[in-house]
Amino acid sequence: MLNFIEDIQKNNNCGLEEAVRIALRRVVGAYVIVLLDKDNPDTIIAARKGSPLVIGIGKGEHFLASDASPIIEYTKEVVYVNDYELAILKADEIILKNLGNEKLTPYIQKLDMELAAIEKGGYDHFMLKEIFEQPDTIFDCLRGRLDVEKGTITMAGIQQNIEKLKNANRIIMIACGTSWHAGLVAEYIFEELCRIPVEVEYASEFRYRNPVIHQGDVIIAISQSGETADTIVAIEKAKENGAFILGVVNVVGSSIARISHAGAYSHAGPEIGVASTKAFTGQLAVLVMIALKIAKEKGTIDATRYMHLLNELHNVPEKVKEVLELSPGIRKLAIKYKDAKDALYLGRGYNFPVALEGALKLKEISYIHAEGYPAAEMKHGPIALVEETLPVVFIATKDSYHEKIISNMQEIKARRGKVIAVISHGDDIIPKMADDTIVIPEADELIAPILSVIPMQLLAYYIGVAKGYDVDKPRNLAKSVTVE
Ligand code: F6R
């Protein structure tokens, strides 16, 4: 890119700014470029395409970063640069232009983020801090939205588009990784409460397919960072085809938040640990609220169930605190099972995506091969793997699938697999069968994943630590996947 810009400068006998503009009209792919001309060292030229770029505005200085977290130590005023824009920075001036050399007015945003949010605050790792923050982050997510007394959910982005949402022909959840798992939980919830058909798509597959999208389709794009390249391209594609895009994003001002027609932030605060934890529970809380709001407007939920679920959501932060109190016991289990070569995670219904998420957490943090499966799929293949040395984690809280999952557990025990079961208080059957149990508070089955995922996060964390790995920076992984 540098050689190309230099060539343009020579051939056109122009300055750096003009040369960059010409170059950017011709290059393809995703990039952030920051340039300093040695003949003009007081000016920085920066641009982006596909990858994030934030400029912090200080006193007589500017800061450039891919997200706001490293900047908040210095300033809370930032400008998010868009694709096809050029930022020309001098010590006390910021000029924004499009590639046609027209000046644009920079939109200065105030960051609502404290420095403490990006420090470890006495915890050994960001991942542990973020797991333990969940009572507060979920509370923050519900605050100002959920009002149990009045029986209301206030979400401006949803309310303003309620007609489109409740009349959607179908909803497509688009996301990657952990956010995709949140989409899977949401599929069950939206279909149950709103009676709208839902599909859940990996952004990386969706963007390369030739998907059938119609006007009246609603895309829910779920992303912690709001910068995942595959998700961005996928929703741009859907948008071109007339779909309505609703973003469920954590990072305020991020690309997905800006591309979406409307959205709801998950308000989990900065997530620094590479493995996503509090963002996931925040996504679930937001998605439940959106589903409840649509269902209420659409008349697909009765008043009693609606109020029950509102109360259940309201009680989640306190119940999460109770789950976190189990961490010493989960740490012991981690030490017991840390040398496993493989692990299987099984769940049914709302807890099936939690099994996938548990397996993903274990893989990325402890490098133990793990598979998540719907428990009933075992008999179609994976049961062949079960032997004495295989830990099988069951997410088996009390729900409408409970009896079924107990028979799946019996199948594993009959083959001498080791069963670790996450169960609800008051379950007196599973403790008689399982090798180890993690007992969490009871909750409505629709809400249960917000609680049942926490032991999964803690188990992966403590196993990773017990194996001596740097859990905040697992190998080969990046926090924001801004490449294809
Ligand atoms: C897993 C994890 C990743 C992300 C995925 C999507 O712990 O962090 O799987 O969930 O890369 O990222 P976002 O949500 O930022 O789009």
- Task: Please work out which residue is modelled with the lowest pLDDT, limiting yourself to region 19-38 and to residues that are open to solvent by 50 Å² or more (accessible area, probe 1.4 Å) and of a type outside the set (D, E, K, R).
- Result: Ala30
- Message: Among the residues that make up region 442-462, is at least one of them more than 16 Å from the ligand (Cβ to nearest atom) and open to solvent by 70 Å² or more (accessible area, probe 1.4 Å)?
- Response: yes
- Message: For region 262-279: of the residues being within 8 Å of the ligand (Cβ to nearest atom) and of a type in the set (A, V, I, L, M, F, W, C), which is modelled with the highest pLDDT?
- Response: Ala279
- Identify the residue in region 154-190 that is in a strand (DSSP E or B) and either within 16 Å of the ligand (Cβ to nearest atom) or open to solvent by 10 Å² or more (accessible area, probe 1.4 Å) (or both) and, among all such residues, is farthest from Gly282 (Cα to Cα). Arg170
- Report yes if Leu16 is surrounded by 13 or more Cβ atoms within 10 Å (Cβ to Cβ) and over 27 Å from Ser69 (Cα atoms), otherwise no. yes
- Query: Could you count how many residues in region 235-288 are closer than 25 Å to Leu313 by Cβ and among the charged types (D, E, K, R)?
  - Reply: 2
- Do we have Gly100 as open to solvent by less than 70 Å² (accessible area, probe 1.4 Å), assigned to a loop (DSSP other than H, G, I, E, B) and over 27 Å from Ile55 (Cβ atoms) here? no
- Note on the structure: Ser255 vs (1) in contact (Cβ under 8 Å) with a residue 12 or more places away in the chain; (2) open to solvent by 20 Å² or more (accessible area, probe 1.4 Å): all pass except (2)
- Starting from residues that are surrounded by fewer than 24 Cβ atoms within 10 Å (Cβ to Cβ) and within 13 Å of the ligand (Cβ to nearest atom), keep the ones in region 208-239 and report whichever is nearest to Tyr80 (Cα to Cα). Glu227
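The values are calculated or read from the model by the stated rules, or taken from the named source; none is laboratory data. None of the values given here were measured: they were computed from a predicted structure. With ideal geometry, Cβ positions are generated from the backbone for all residues, glycine too; neighbour counts draw on all protein chains shown. The accessibility values were calculated without ligands, DNA or RNA, using every heavy atom of the protein model including side chains. Shrake-Rupley method; radii C 1.70, N 1.55, O 1.52, S 1.80 Å.
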